[in-house]
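Heads up, the thing below is written out as structure tokens.
The values are calculated or read from the model by the stated rules, or taken from the named source; none is laboratory data. Because the structure is a prediction, the values reported are computed rather than measured. As a convention, Cβ positions derive from the backbone with ideal geometry for all residues, glycine included, and neighbour counts pool all protein chains shown. Please note that ligands, DNA and RNA were not included when accessible areas were found on the heavy atoms of the full protein model with its side chains. Shrake-Rupley method; radii C 1.70, N 1.55, O 1.52, S 1.80 Å.
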Amino acid sequence: VNHSEQTLPIIYMDDDVIVIDKPASVLSHAKNPLDDEFTVATFFARYSTADADSARVGIVHRLDRDTSGVMIGARTPEAFDFLKRQFADRHVQKTYIAVTDGIPKVAKLRVDIPIGRNMARPGRFKGKTDGKPAQTDIEVVSQNLTHALVKAKPYTGRTHQIRVHLAHIGTPVHGDRLYGKPADRLYLHAAELELDLPSGNHQSFSSPVPQSFTELMQHDR
């Protein structure tokens with residue numbers, strides 16, 4: 001398959017890193033090198049030599065397929081190690097915007113609930129006492145009769161963390177097929193990423209909240 005025509009919006013690029021605005025529905029990387037679907041890694045491969053012989057070229061962190069927003073990639077093996085370490089040490093600040101079904105009972109809260117695999121439902125995760133530690137700060141930015149627009153800051157990087165935590169408190173992300181009810185898309189957006197770059201600069205990258213989020217919030221006023 002020829003993916004050379006397919007492109008993703010670049011927010012920033014220097015010799016070390018590339019930052020993109022990932023659309024919903026694009027996979028971060030393929031499960032195996034034989035898959036020929038266009039992914040973020042396919043795109044990074046044009047700019048990166050990090051992990052070059054794998055299906056995960058340049059990938060240092062992932063966004064779920066249905067999540068949109070800011071994603072950073074490494075362009076060199078050195079930058080790859082540098083960024084990986086920052087994500088592992090939790091020095092990267094991530095801010096997500098989500099629209100929830102229902103309104104959280106408290107305007108500001110920290111959800112501190114370990115997350116593990118849901119053995120009864122493969123591919124899904126849930127809050128469980130013997131899971132891996134996971135903390136997310138949730139803040140309600142605005143609300144209407146049926147939905148809330150929330151800011152979510154995860155302190156750990158568990159798979160589906162924000163989705164599991166929001167579902168756990170009874171307000172799943174709008175359009176979450178796994179933990180809530182389906183809609184036209186998953187209303188979860190990686191709005192901001194703040195971290196140190198290999199060049200020594202501390203930088204923040206952002207992506208505007210999709211129009212569909214705003215429209216949904218205005219819809220039920």
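Values computed for the structure shown
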{"quantity": "Residue within the range 95-113 that is over 25 Å from P208 (Cβ atoms), of a type in the set (V, I, T) and touching a helix residue (DSSP H, G or I) at 6+ places or on another chain (Cβ under 8 Å) present", "calculated": "yes"}
{"quantity": "Sole exception among (1) farther than 20 Å from E192 by Cα; (2) open to solvent by less than 50 Å² (accessible area, probe 1.4 Å); (3) not in a loop (DSSP other than H, G, I, E, B) for D81, by number", "calculated": "(2)"}
{"quantity": "In the range 183-205, residue farthest from H91 (Cα to Cα) [restricted to those that are part of a loop (DSSP other than H, G, I, E, B) and charged (D, E, K, R)]", "calculated": "D184"}
{"quantity": "Counted residues, the range 195-209 - those being under 26 Å from D112 (Cβ atoms) and open to solvent by less than 50 Å² (accessible area, probe 1.4 Å)", "calculated": "1"}
{"quantity": "Test for L109: is it assigned to a strand (DSSP E or B), over 19 Å from A191 (Cα atoms) and touching a strand residue (DSSP E or B) at 6+ places or on another chain (Cβ under 6 Å)", "calculated": "yes"}
{"quantity": "Filter result for the condition that a residue is surrounded by fewer than 22 Cβ atoms within 10 Å (Cβ to Cβ), within 13 Å of the chain's Cα centre (by Cα) and of a type in the set (V, I, T), over T146, T159", "calculated": "T159"}
{"quantity": "Residue in the range 175-192 that is farthest from A148 (Cα to Cα), counting only those that are open to solvent by 60 Å² or more (accessible area, probe 1.4 Å) and in contact with a strand residue (DSSP E or B) (Cβ under 8 Å, 6 or more places away or on another chain)", "calculated": "E192"}
{"quantity": "Search result, residues across the range 121-141 that are under 30 Å from Q218 (Cβ atoms) and either open to solvent by 30 Å² or more (accessible area, probe 1.4 Å) or basic (K, R) (or both)", "calculated": "D137, E139, V141"}
{"quantity": "Residue among A45, A88 that alone is open to solvent by less than 60 Å² (accessible area, probe 1.4 Å) and either within 17 Å of M13 (Cα to Cα) or among the aliphatic types (A, V, I, L, M) (or both)", "calculated": "A45"}
{"quantity": "Residue satisfying all of: in the range 91-120; within 30 Å of N201 (Cβ to Cβ) and of a type in the set (S, T, N, Q); least open to solvent (accessible area, probe 1.4 Å) among these", "calculated": "T95"}
{"quantity": "G180, sole failed condition from (1) under 17 Å from the mean Cα position of the chain (by Cα); (2) in a loop (DSSP other than H, G, I, E, B)", "calculated": "(1)"}
{"quantity": "Total residues in the range 1-42, condition of a type in the set (A, V, I, L, M), part of a loop (DSSP other than H, G, I, E, B) and either within 21 Å of the chain's Cα centre (by Cα) or surrounded by 12 or more Cβ atoms within 10 Å (Cβ to Cβ) (or both)", "calculated": "4"}
